[in-house]
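Take a look at the structure set out below.
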Amino acid sequence: MESFSNLVRIHVPNYLAGLPLPKSIGGWFKLNFRECLQLVPFLTIVGGSVYLTHKSCKNYFNRKPPVNPEIKKDAQKVVDSFTAEEFKAKTAFCRCWRSANFPYCDGSHNAYNKECCDNVGPLVISAKAEEN
Ligand code: FES
């Protein structure tokens, strides 16, 4: 731990103080070959850090929100199975993932649609075909 402390408190500041960093933009064009070589490790570390930070931030901000905000989040996959005998005459299944009675629709899709300008609705299954 002490060696890490020495690295951060003594060696890094000494290394940075010894770098031939120009004080102006024009100074970059006046660096000789040896000074340029001295800057290569430092600029590689800075450039790599900027690149990795940009890449991870880009991945973070480009994430899409989850379809399922809170139902059975501890499960790897949410699967509900039914047999034909379990169906009532007409059963509405939730497809918006907002129902408090999941997997059945409780009408929560209406509030979700209003909030998110969406148009999701339940899957309605009838045990018998409706007669016309
Ligand atoms: S509550 Fe989700 S579709 Fe109705």
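The values are calculated or read from the model by the stated rules, or taken from the named source; none is laboratory data. All figures in this text were calculated on a predicted structure; none of them were measured in a lab. Virtual Cβ from ideal backbone geometry, glycine too; neighbours counted across all protein chains shown. SASA here: full protein model, heavy atoms, side chains in, ligands and nucleic acids out. Shrake-Rupley method; radii C 1.70, N 1.55, O 1.52, S 1.80 Å.
Taken over the range 1-20, the residue count meeting the criterion of being in a helix (DSSP H, G or I) and under 37 Å from the mean Cα position of the chain (by Cα) is 13. Within the range 108-120, being small (Gly, Ala, Ser) and more than 6 Å from the ligand (Cβ to nearest atom) holds for one residue alone: 111.
Quick one: count up the residues across the range 40-68 that are open to solvent by less than 70 Å² (accessible area, probe 1.4 Å) and within 14 Å of the chain's Cα centre (by Cα).
Step one: of the range 40-68, the residues open to solvent by less than 70 Å² (accessible area, probe 1.4 Å) are 41-42, 46-49, 56-57, 68.
Filter again for within 14 Å of the chain's Cα centre (by Cα), leaving 56-57.
The total comes to 2.
When only residues in the range 121-132 that are more than 8 Å from the ligand (Cβ to nearest atom) and assigned to a loop (DSSP other than H, G, I, E, B) count, which is nearest to residue 73 (Cα to Cα)? Filtering first and then ranking leaves 127. Kindly indicate the residue of the range 69-87 that is surrounded by 10 or more Cβ atoms within 10 Å (Cβ to Cβ) and not acidic (Asp, Glu) and also nearest to the ligand (Cβ to nearest atom) among those meeting that condition. Taking the candidates together, the pick is 71.
Taking the options 31, 37, name whichever one is over 35 Å from the mean Cα position of the chain (by Cα), of a type in the set (A, V, I, L, M, F, W, C) and open to solvent by 80 Å² or more (accessible area, probe 1.4 Å).
Values: 31 fails: open to solvent by 80 Å² or more (accessible area, probe 1.4 Å).
Of the residues listed, the single one that is over 35 Å from the mean Cα position of the chain (by Cα), of a type in the set (A, V, I, L, M, F, W, C) and open to solvent by 80 Å² or more (accessible area, probe 1.4 Å) is 37.
One residue stands out in the range 88-107 among those that are more than 7 Å from the ligand (Cβ to nearest atom) and buried (at least 17 other Cβ atoms within 10 Å of the Cβ): the one that is nearest to residue 128 (Cα to Cα), namely 91.
Residue-by-condition table, conditions (1) in a loop (DSSP other than H, G, I, E, B); (2) outside the structural domain of residue 118 (by TED's automatic domain parsing); (3) in contact (Cβ under 8 Å) with a residue 24 or more places away in the chain:
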{"residue": "22", "(1), (2), (3)": "yes, yes, no"}
{"residue": "35", "(1), (2), (3)": "no, yes, no"}
{"residue": "45", "(1), (2), (3)": "no, yes, no"}
{"residue": "50", "(1), (2), (3)": "no, yes, no"}
{"residue": "55", "(1), (2), (3)": "no, yes, no"}
{"residue": "77", "(1), (2), (3)": "yes, no, no"}
